[in-house]
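Working notes, structure below.
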Amino acid sequence: MNANDVMLTAVATAQTGSTIPDIAPNAPASASFDLIIRAAAGSALGSSGAPYTLTISAIDLTVVSQGWPTQTLHQAFDAANGWELSGTGPDYRCTQTVPVRVPGGGPGGPLAGHTLQCVASLVSQGAQIASIIHSDPFVLV
């Protein structure tokens, strides 16, 4: 990876506390689930402390609308935000778990049975560095 690049490498839904991707992350009856986001950064960027914004949104594919309010996280390329050496070279990696409350309080709510998809973007100040990724579709119960 180029020393000044970043790439979101994965975004997946999982049951709360799990790291295993799940296409029905709030089943059988949970009011929340986790969104797991993985990223990689080059050697110069990964510990630079440079600020960026991680934006997470959801699309309700069943009715083609916004799934729930967008989350905007202001972060930086540093250890406090989870960036660490990859262990296989000079690059850095980061894995974050973002808890998501199911709209309407959980199972049986307004999105029960709907298929959704999450989209995450990482954009540095001045937009010199940017990456975007989307999850596989998933269903809420």
Segment 83-102, subset of a type in the set (S, T, Y) and under 15 Å from the mean Cα position of the chain (by Cα), residue farthest from L35 (Cα to Cα)
T95
Being aliphatic (A, V, I, L, M) and either in contact with a Cys (Cβ under 8 Å, 6 or more places away or on another chain) or modelled with pLDDT of 95 or more (or both) is the filter here, so list the residues in segment 24-49 that pass it.
A24, L35, I36, I37, A39, A40, A41
Pairs returned, first residue in segment 62-77 that is surrounded by fewer than 15 Cβ atoms within 10 Å (Cβ to Cβ), second residue that is in a strand (DSSP E or B) and of a type in the set (G, A, S), beta-carbon separation under 6 angstrom, 6 or more apart or interchain, are T70/S57
Considering residues that are surrounded by 15 or more Cβ atoms within 10 Å (Cβ to Cβ) and in a strand (DSSP E or B), the number found within segment 98-133 is 14
Of the residues that sit in segment 11-23 and are modelled with pLDDT of 95 or more and surrounded by fewer than 14 Cβ atoms within 10 Å (Cβ to Cβ), which one is farthest from Q117 (Cα to Cα)?
G17
Qualifying positions in segment 103-141 - of a type outside the set (A, V, I, L, M, F, W, C) and within 14 Å of the chain's Cα centre (by Cα)
Q117, S121, S131, H134, S135, D136, P137
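The values are calculated or read from the model by the stated rules, or taken from the named source; none is laboratory data. Since the structure is predicted, the reported quantities are computational estimates derived from the model, not experimental observations. Ideal geometry is used to build each Cβ from the backbone, glycine not excepted, and the neighbour counts take in all protein chains shown.
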